[in-house]
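As C-alpha coordinates, the structure follows; a few thoughts come after it.
The values are calculated or read from the model by the stated rules, or taken from the named source; none is laboratory data. Source: prediction; values computed, not measured. Here the Cβ is made from the backbone with ideal geometry for all residues, glycine too, and neighbour counts use every protein chain on show. The area values use the complete protein model at the heavy-atom level, side chains included, leaving out ligands, DNA and RNA. Shrake-Rupley method; radii C 1.70, N 1.55, O 1.52, S 1.80 Å.
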Amino acid sequence: MTEHTGKNLRRVMANLGVTIEEVVQRTGLDVRTVKGILDGSHRPHARTLTRLAEGLAVSSDEFFLDPVQLLYRQFDFRTNPVVEEVIADCPDLFAGWTDLDFDELHSRVGTGGPLTAEGTVQAVRQMNHNRQLHEKLAVLLESSDADLIRGIVEMMYEKVMARVEG
(Lines give C-alpha, C1' and ligand atoms only; values in the text may rest on other atoms or scores of the structure.)
Protein backbone atom coordinates (compact mmCIF):
# COMPACT_ATOMS: atom_id res chain seq x y z
CA MET A 1 0.00 0.00 0.00
CA THR A 2 1.40 3.42 0.76
CA GLU A 3 4.00 4.72 3.17
CA HIS A 4 1.28 6.90 4.72
CA THR A 5 -0.97 4.09 5.97
CA GLY A 6 0.35 3.98 9.54
CA LYS A 7 0.41 7.76 9.91
CA ASN A 8 -3.11 8.00 8.54
CA LEU A 9 -4.40 5.24 10.80
CA ARG A 10 -2.90 7.10 13.76
CA ARG A 11 -4.59 10.33 12.56
CA VAL A 12 -7.97 8.61 12.15
CA MET A 13 -7.63 7.04 15.60
CA ALA A 14 -6.80 10.44 17.12
CA ASN A 15 -9.75 12.09 15.38
CA LEU A 16 -12.09 9.39 16.68
CA GLY A 17 -10.44 9.22 20.10
CA VAL A 18 -9.97 5.44 19.93
CA THR A 19 -7.23 3.19 21.26
CA ILE A 20 -5.54 0.25 19.56
CA GLU A 21 -7.75 -2.08 21.57
CA GLU A 22 -10.87 -0.27 20.34
CA VAL A 23 -9.64 -0.51 16.73
CA VAL A 24 -9.16 -4.25 17.23
CA GLN A 25 -12.66 -4.56 18.70
CA ARG A 26 -14.32 -2.49 15.94
CA THR A 27 -12.50 -4.16 13.03
CA GLY A 28 -11.95 -7.72 14.19
CA LEU A 29 -8.29 -7.42 13.22
CA ASP A 30 -5.51 -8.93 15.28
CA VAL A 31 -3.75 -6.53 17.66
CA ARG A 32 -0.38 -7.42 16.07
CA THR A 33 -1.75 -6.40 12.65
CA VAL A 34 -2.94 -3.03 13.93
CA LYS A 35 0.33 -2.35 15.76
CA GLY A 36 2.29 -3.43 12.67
CA ILE A 37 0.37 -1.00 10.49
CA LEU A 38 0.96 1.79 12.98
CA ASP A 39 4.71 1.20 13.22
CA GLY A 40 5.13 0.52 9.50
CA SER A 41 6.28 -3.09 9.84
CA HIS A 42 3.06 -4.49 8.31
CA ARG A 43 1.90 -3.59 4.79
CA PRO A 44 -1.85 -4.23 4.91
CA HIS A 45 -3.78 -5.98 2.15
CA ALA A 46 -6.76 -4.26 0.56
CA ARG A 47 -9.18 -6.40 2.61
CA THR A 48 -7.43 -5.27 5.81
CA LEU A 49 -7.84 -1.62 4.83
CA THR A 50 -11.48 -2.30 4.02
CA ARG A 51 -12.02 -3.78 7.48
CA LEU A 52 -10.29 -0.78 9.06
CA ALA A 53 -12.39 1.67 7.07
CA GLU A 54 -15.66 -0.11 7.81
CA GLY A 55 -14.85 -0.61 11.48
CA LEU A 56 -13.83 3.01 11.94
CA ALA A 57 -16.62 4.34 9.68
CA VAL A 58 -14.29 6.22 7.34
CA SER A 59 -13.53 5.98 3.64
CA SER A 60 -10.70 3.59 2.80
CA ASP A 61 -9.21 6.52 0.88
CA GLU A 62 -8.34 8.05 4.27
CA PHE A 63 -5.45 5.58 4.51
CA PHE A 64 -3.89 6.71 1.22
CA LEU A 65 -3.82 10.46 1.83
CA ASP A 66 -0.53 12.24 1.65
CA PRO A 67 -0.32 14.24 4.91
CA VAL A 68 0.41 17.37 2.83
CA GLN A 69 -3.14 17.06 1.45
CA LEU A 70 -4.42 17.60 4.97
CA LEU A 71 -3.05 21.14 4.89
CA TYR A 72 -5.17 21.81 1.80
CA ARG A 73 -8.17 20.27 3.55
CA GLN A 74 -7.78 22.61 6.52
CA PHE A 75 -7.47 25.61 4.19
CA ASP A 76 -10.57 24.57 2.24
CA PHE A 77 -12.62 24.15 5.43
CA ARG A 78 -11.66 27.63 6.60
CA THR A 79 -12.39 29.32 3.28
CA ASN A 80 -15.90 27.86 2.93
CA PRO A 81 -17.53 28.35 6.35
CA VAL A 82 -21.05 28.41 4.87
CA VAL A 83 -20.70 24.70 4.10
CA GLU A 84 -20.93 23.89 7.82
CA GLU A 85 -24.13 25.94 8.08
CA VAL A 86 -25.70 24.03 5.18
CA ILE A 87 -24.65 20.71 6.74
CA ALA A 88 -26.37 21.74 9.99
CA ASP A 89 -29.48 23.05 8.21
CA CYS A 90 -29.91 20.19 5.69
CA PRO A 91 -28.40 17.03 7.20
CA ASP A 92 -30.51 14.75 4.98
CA LEU A 93 -28.58 15.95 1.92
CA PHE A 94 -25.42 14.39 3.33
CA ALA A 95 -26.60 10.83 4.01
CA GLY A 96 -23.88 8.34 3.19
CA TRP A 97 -21.20 10.97 2.65
CA THR A 98 -17.55 10.16 3.32
CA ASP A 99 -14.77 12.49 4.46
CA LEU A 100 -13.63 12.67 0.84
CA ASP A 101 -17.08 13.87 -0.26
CA PHE A 102 -16.92 16.65 2.32
CA ASP A 103 -13.37 17.47 1.22
CA GLU A 104 -14.53 17.80 -2.38
CA LEU A 105 -17.41 20.05 -1.37
CA HIS A 106 -15.23 22.28 0.79
CA SER A 107 -12.66 22.61 -2.00
CA ARG A 108 -15.21 24.06 -4.43
CA VAL A 109 -15.49 27.77 -4.96
CA GLY A 110 -18.31 29.88 -6.28
CA THR A 111 -18.00 32.60 -8.85
CA GLY A 112 -15.68 35.15 -7.29
CA GLY A 113 -14.87 33.28 -4.10
CA PRO A 114 -16.31 31.01 -1.40
CA LEU A 115 -19.54 29.14 -1.88
CA THR A 116 -22.85 30.70 -0.93
CA ALA A 117 -25.54 28.65 0.84
CA GLU A 118 -27.44 28.31 -2.43
CA GLY A 119 -24.29 27.34 -4.32
CA THR A 120 -23.46 24.78 -1.66
CA VAL A 121 -26.89 23.13 -1.91
CA GLN A 122 -26.58 23.03 -5.72
CA ALA A 123 -23.13 21.45 -5.48
CA VAL A 124 -24.37 18.87 -2.96
CA ARG A 125 -27.33 17.91 -5.14
CA GLN A 126 -25.04 17.53 -8.17
CA MET A 127 -22.58 15.41 -6.19
CA ASN A 128 -25.42 13.20 -4.91
CA HIS A 129 -26.80 12.85 -8.45
CA ASN A 130 -23.36 11.88 -9.74
CA ARG A 131 -22.99 9.29 -6.95
CA GLN A 132 -26.35 7.76 -7.94
CA LEU A 133 -25.23 7.61 -11.57
CA HIS A 134 -21.98 5.91 -10.55
CA GLU A 135 -23.94 3.33 -8.57
CA LYS A 136 -26.20 2.65 -11.55
CA LEU A 137 -23.21 2.34 -13.86
CA ALA A 138 -21.59 -0.14 -11.46
CA VAL A 139 -24.75 -2.29 -11.59
CA LEU A 140 -24.85 -2.10 -15.39
CA LEU A 141 -21.19 -3.12 -15.61
CA GLU A 142 -22.04 -6.27 -13.64
CA SER A 143 -24.99 -7.12 -15.90
CA SER A 144 -25.19 -9.21 -19.06
CA ASP A 145 -25.03 -5.92 -20.99
CA ALA A 146 -21.61 -5.02 -19.57
CA ASP A 147 -19.81 -5.19 -22.94
CA LEU A 148 -22.36 -2.85 -24.52
CA ILE A 149 -22.11 -0.41 -21.60
CA ARG A 150 -18.29 -0.46 -21.74
CA GLY A 151 -18.45 0.28 -25.46
CA ILE A 152 -20.83 3.20 -24.97
CA VAL A 153 -18.73 4.65 -22.14
CA GLU A 154 -15.51 4.30 -24.18
CA MET A 155 -17.12 5.94 -27.21
CA MET A 156 -18.46 8.85 -25.15
CA TYR A 157 -15.14 9.26 -23.38
CA GLU A 158 -13.25 9.43 -26.66
CA LYS A 159 -15.74 12.00 -27.96
CA VAL A 160 -15.31 14.22 -24.90
CA MET A 161 -11.53 13.88 -24.90
CA ALA A 162 -11.40 14.81 -28.60
CA ARG A 163 -13.27 18.04 -27.78
CA VAL A 164 -10.97 18.78 -24.85
CA GLU A 165 -7.81 18.16 -26.88
CA GLY A 166 -9.13 19.85 -30.04
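Mind listing whichever residues of the stretch 29-52 are part of a loop (DSSP other than H, G, I, E, B), over 14 Å from E3 (Cβ atoms) and open to solvent by less than 50 Å² (accessible area, probe 1.4 Å)? Steps first, please.
Let us first name the residues in the stretch 29-52 that are part of a loop (DSSP other than H, G, I, E, B), namely 29-30, 40-45.
This time we only want the ones that are over 14 Å from E3 (Cβ atoms), so: 29-30, 45.
Selection gives L29 alone.
For residues in the stretch 14-34 being among the aliphatic types (A, V, I, L, M) and under 15 Å from E54 (Cβ atoms), which is modelled with the lowest pLDDT?
Among them, the one singled out is L16.
In the set L71, L65, which member is modelled with pLDDT under 85 and loosely packed, with under 13 Cβ neighbours inside 10 Å?
Working: L65 fails: loosely packed, with under 13 Cβ neighbours inside 10 Å.
Selected residue: L71, the only one of L71, L65 that is modelled with pLDDT under 85 and loosely packed, with under 13 Cβ neighbours inside 10 Å.
Please determine whether any residue of the stretch 5-24 is farther than 20 Å from D99 by Cα, open to solvent by 50 Å² or more (accessible area, probe 1.4 Å) and of a type outside the set (S, T, Y).
Within the stretch 5-24, the first condition is being farther than 20 Å from D99 by Cα, and the residues that meet it are 19-22, 24.
Adding the requirement that they be open to solvent by 50 Å² or more (accessible area, probe 1.4 Å) leaves 19, 21-22.
So of that shortlist, the ones also of a type outside the set (S, T, Y) come out as 21-22.
So far as the stretch 5-24 goes, yes, one or more of its residues are farther than 20 Å from D99 by Cα, open to solvent by 50 Å² or more (accessible area, probe 1.4 Å) and of a type outside the set (S, T, Y).
I need the helices (runs of 4 or more DSSP H) fully contained in the stretch 88-166, keeping only those with at least 1 residues that are over 26 Å from R78 (Cβ atoms) and open to solvent by 60 Å² or more (accessible area, probe 1.4 Å).
Correct list: 117-141, 146-165.
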